[in-house]
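I have placed the structure first, in the form of C-alpha cells, so that the comments after it can refer back to it.
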Number of protein chains: 2
Amino acid sequence: MSTAAKGLEGVIAADTELSFIDGEKGVLEYVGIAIDELARHSSFEETVFLLWNKRLPKKNELDEFRTLIRKNSEISDATVAQINALPKTAQPMHALRTMVSYLALEDSEPNSVKPDEVQRKALSILCKAPAIVTTFDRRRRGLERVSPDPDLSIAANFLYMLNGKKPTETMERAFDVCLILHADHGLNASTFTGRVIISTLSDIYSTITGAIGALRGPLHGGANEGVMTMLNEIPSVDDVEKYVLDKLKRKDKIMGFGHRVYKAYDPRATYLKTLAKQLASDTGNSDLYEKSHRVEEIMDREVGSKGIYPNVDFYSATTYHCIGLQLDLFTPMFALSRISGWTGHALEQLETNRLIRPGAEYNGPHGVSYTPIEKR
Amino acid sequence: MSTAAKGLEGVIAADTELSFIDGEKGVLEYVGIAIDELARHSSFEETVFLLWNKRLPKKNELDEFRTLIRKNSEISDATVAQINALPKTAQPMHALRTMVSYLALEDSEPNSVKPDEVQRKALSILCKAPAIVTTFDRRRRGLERVSPDPDLSIAANFLYMLNGKKPTETMERAFDVCLILHADHGLNASTFTGRVIISTLSDIYSTITGAIGALRGPLHGGANEGVMTMLNEIPSVDDVEKYVLDKLKRKDKIMGFGHRVYKAYDPRATYLKTLAKQLASDTGNSDLYEKSHRVEEIMDREVGSKGIYPNVDFYSATTYHCIGLQLDLFTPMFALSRISGWTGHALEQLETNRLIRPGAEYNGPHGVSYTPIEKR
C-alpha cells in the first residue's frame, strides 16, 4: 500500500499572503480584497502591483508602474525575427513558452534572484507576452504585425495588436476583468511548478517558462478551450436542454462546471457573467451568451444541489470569443494574466526559500545483479 | 506559526520503481541494480532503456533502440537556423531550455500523453539535445558545426560534435559513465517539477523544458560548476590544505561535498574517481586530479566524521574539464543525462495520474475593502 500523498491533496506546501480561497463559501481574495471588488473597481495593472507589493499602489506609484509597462511592451527586432521563423502551424502555447524562454537570452543578467530584479524582469516578460502572442497570431493569419501603442492599457494594447484596431470600451473592460480574475489562485499546478523551479534559486525566466508548460495541460489552463468547443457543438439555445441532459446521462463532463476547489459559485464568474452578456450584445454574439446562460440554468436545475456551478472558464469563453480570440489563444490569455501570480509566488518563495524536494516511495526490486546482455 | 511542510521535506509525493536511495548507507539503485554495477558494466543507452522499461534490454531490443537513437540524433535545418540566430553570449542552459521547448513546434502532434508516444518524443529530445548544445557551443567559439556520426554512441557522438574529432576510448567511457550516474535520482527538484507539469496532462516538451529550468538553479544542477571554479582558485596541490582549512574556518561551503540525501560516500563518486584519474593522466591534467584528491584527503581528515563526503559533482568536474567542456556546459551535461530520468518519472506519473495541487496556508489579511486611488 502506497503512503504517497497523491496529488499532494491536503498537504500544505507553502505560506502565502497573495490569494485566499474558501471553496465552500465561494470566496477568493487577493491580499484580502474580494475578487469581485477588484473586478468591478480595479485594473489589471493595479492588480499586478497589488500581487507584487501586497498593497494597492498610490497614484504616483501607479503612474510610474504604467510608465515602466509602456517602456517594456515592445519586443526586439531579434525577437520578432525568431517568432517569424517559427512554424505557422505551431500551437500558440508552445510558441509562447518557447519565446518567453528565449527572452532570457536577450537579458545580459538573466539569473539574478534579487527581489527588485526579479520584479523588473517579470514585468518585462509580462509586458512582452502580448506582443509575442499577437505577432505569432497575426503572422499565421497572413497579417502584418501591429506594434504596441504606448497610450493604451495592457488589455487594450493586446486587443489593438491582435485586431489592428482599438477595442471598444466594453471589450477593453471585459478583457481587463478576465486578466484580473485569472491573476492568482493559490497553489495551483502551474504556480506550484514555478515555486519548485525558483526554489533551486533558478531564474524568473525558467520559472515562468515552466509554469506556462504546466498551465497548458487539459487538467489545468488547457480546460478553458473546452467550453467554447462545447458551445460550438450546440446548434441553438433550443438544443441546449437535450444536449446537457444527454451528456449528464452518459456521465460526460460539462465543460466549465465544477472545480476541485470551489463547491459554491465560483466568485470569479459573477461579474464576468454580466460583462459577457453586455459584450455579446455589443458584438452581435447574443446567441452565444443565451446558449451559455441556458446551459447554466439546466445545470443548476439538474446538479446545482451537488455544488456543481459554473467556474471562471465558463463565461470567459463567451468573452474571449467576442473580443476576437481564436480558440487556441484562450489558454495563452490565461498565461498572460497568471504571469502576475507566478511572479508574486516566486517573490514569496525567495523571501524564505527552502529547496522543494519531496520524497518518493520506492516500490521496485532491490539488489538485482547486472545480467550480461547475452544472458538476458 | 506556519503549518507548511517547508521544502516538502519528509513528504512522500509519489511512488516510483526507478531509483532507490539510501542516503545513510550510500546506496543508489536504478530499478534495483546498484549504480556502481551499471557504471562499470552498462552504457547510457542501456540505462535509458532500463529507466523507461524497468528492465535491461535484450540484444535485439538494444540494437533496435540504438537504431532509433541514430535516426533521431540530427536536428533540422530550421533548428540549426534558430540556434544560429540566438545571441552568442547567451548562457547554454537558457539556450538548451529554449531549444528543447522549440522542438515541440516541429512536432505536428506534440501533446500526446500516450506512453509509447511520450517515449518516442522523449527519445527524440534526448537524441537532439547533444546536437543543440554542441551547435550552440561551436558557433560561439567561431567553429563550423559538426553533424552527428551515426556509428557513434550518444557519449562519443556528443564529444565528436563538440571537439570535431572522435574521442579516445577513455574519454568516451568516462563521459558515458557520467551520463549513467546522472540519469536518475529520486524526486529531486527538477524531476518533481516535471512530474507536476505532466500531472496536468501537459506534454513531454513542457515537462522537460520546465525540468531544465529547475535544474539550472545553483541549489540543484547548477552546483556542478562550483567545483571547477574552486579547483581553478587553488594554484597547486601544495596550496590545497591552506585553502580548505581557511574555507572551513570561515564556515564557507566546500563545493562538491555533502548532499541533502547522502550522509555516506556518494555511491556515484566511487567509480567515477578511478576514471577521472585515468582520464586526467591521459589528457595531461594530472595536476587537476591531484588537487581534487588532496581536497578529498583534507576534507576526510577534517569533517569525514560528520558524514560530509564528495558527491557526484566532485569528480565530474575533473572529468568534464578533461573531455573539453567549458565551465558553462557542465550543467547542460547534467540535463542531457537527466532527460532520461525526467522521462521515466513522467511515464510513471501518467500511469496513475492525479493532478498535483498542494494547498497553501494563507497568512494575509481578510475582508479588506478596495480603497479608491485618491484615498490611498
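The values are calculated or read from the model by the stated rules, or taken from the named source; none is laboratory data. Quantities reported herein were computed from a predicted structural model and do not represent experimental measurements. Please note: Cβ atoms are built from the backbone with ideal geometry, for glycine as well, and neighbour counts cover all protein chains shown.
Here are the numbers for this structure:
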read-out	value
Matching residues, the range B:1-38, being at the interface with chain A (Cβ under 7 Å from one of its Cβ atoms), assigned to a strand (DSSP E or B) and aliphatic (A, V, I, L, M)	B:I12, B:A13, B:A14, B:I33
Filter result for B:M299 (in contact (Cβ under 8 Å) with a residue 24 or more places away in the chain, within 23 Å of B:K128 (Cβ to Cβ) and buried (at least 17 other Cβ atoms within 10 Å of the Cβ))	no
Of residues in the range A:61-82 being buried (at least 20 other Cβ atoms within 10 Å of the Cβ) and not in a loop (DSSP other than H, G, I, E, B), the one nearest to the other protein chains (Cβ to nearest Cβ)	A:Q82
Matching option when the condition is in a helix (DSSP H, G or I), of a type in the set (D, E) and out of contact with any helix residue (DSSP H, G or I) (no Cβ under 7 Å at 6 or more places or on another chain), among B:D238, B:D252	B:D238
Cβ pairs under 8 Å, 6+ apart, first in the range A:353-376 and more than 28 Å from A:T16 (Cβ to Cβ), second crowded, with 16+ Cβ neighbours inside 10 Å and among the aromatic types (F, W, Y)	A:Y362/B:F20; A:G364/B:F20; A:H366/B:F20
Flag if B:L51 is crowded, with 18+ Cβ neighbours inside 10 Å, over 29 Å from B:L143 (Cα atoms) and within 12 Å of another protein chain (Cβ to nearest Cβ)	yes
Considering residues of the range A:21-36 that are in contact with a Ser or Thr (Cβ under 7 Å, 6 or more places away or on another chain) and charged (D, E, K, R) only, the residue surrounded by the fewest Cβ atoms within 10 Å (Cβ to Cβ)	A:D36
Candidate set: the range B:174-196, residues that are facing chain A (nearest Cβ under 7 Å) and part of a helix (DSSP H, G or I); chosen: the one farthest from B:L159 (Cα to Cα)	B:V196
Residue in the range B:312-333 that is out of contact with any strand residue (DSSP E or B) (no Cβ under 9 Å at 6 or more places or on another chain) and closer than 27 Å to A:A14 by Cβ present	yes
Tally, over the range B:232-251, of residues that are of a type outside the set (S, T, N, Q) and within 25 Å of the chain's Cα centre (by Cα)	1
Out of A:R268, A:R216, A:R260, sole residue that is of a type in the set (K, R), within 16 Å of the chain's Cα centre (by Cα) and within 14 Å of chain B (Cβ to nearest Cβ)	A:R216
Some residue of the range A:202-209 being part of a loop (DSSP other than H, G, I, E, B), under 19 Å from A:V100 (Cα atoms) and either free of Cβ contacts under 8 Å to residues at least 60 places away in the same chain or not basic (K, R) (or both)	yes
Residues being of a type in the set (K, R) and within 23 Å of the chain's Cα centre (by Cα) - total across the range A:140-165	1
Residue in the range A:112-128 that is modelled with pLDDT of 95 or more, among the acidic types (D, E) and farther than 18 Å from A:H345 by Cα present	no
Positions within the range B:22-38 being at pLDDT 95 or above, out of contact with any helix residue (DSSP H, G or I) (no Cβ under 9 Å at 6 or more places or on another chain) and not acidic (D, E), in sequence order	B:G32, B:A34
Listing of helices (runs of 4 or more DSSP H) fully contained in the range B:273-362 that carry 1 or more residues being of a type in the set (G, A, S) and more than 20 Å from B:V237 (Cβ to Cβ)	B:330-351
Unique match (being within 19 Å of the chain's Cα centre (by Cα), among the hydrophobic types (A, V, I, L, M, F, W, C) and either at pLDDT below 95 or crowded, with 18+ Cβ neighbours inside 10 Å (or both)) among B:L18, B:L86, B:L103	B:L18
Yes/no for A:R140 being within 23 Å of A:S19 (Cβ to Cβ), surrounded by fewer than 21 Cβ atoms within 10 Å (Cβ to Cβ) and at pLDDT 95 or above	no
A:G324 being surrounded by fewer than 22 Cβ atoms within 10 Å (Cβ to Cβ) and in contact with a Lys or Arg (Cβ under 6 Å, 6 or more places away or on another chain)	no
Looking only at the range B:337-374, and only at residues there that are over 21 Å from A:A214 (Cα atoms) and among the aliphatic types (A, V, I, L, M), the one that is farthest from the other protein chains (Cβ to nearest Cβ)	B:I373
Filter result (more than 16 Å from B:Q119 (Cβ to Cβ) and in contact with a Ser or Thr (Cβ under 8 Å, 6 or more places away or on another chain)) within the range B:182-194	B:H182, B:H185, B:G186, B:L187, B:A189, B:S190, B:T193
Out of A:H41, A:H94, sole residue that is buried (at least 16 other Cβ atoms within 10 Å of the Cβ), modelled with pLDDT of 95 or more and either facing another protein chain (nearest Cβ under 9 Å) or within 19 Å of the chain's Cα centre (by Cα) (or both)	A:H94
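For every residue, the table says whether it meets (1) aromatic (F, W, Y); (2) surrounded by 22 or more Cβ atoms within 10 Å (Cβ to Cβ); (3) within 14 Å of chain B (Cβ to nearest Cβ).
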residue	(1), (2), (3)
A:I198	no, yes, yes
A:A223	no, no, yes
A:M230	no, yes, no
A:P235	no, no, no
A:D238	no, no, no
A:R250	no, no, no
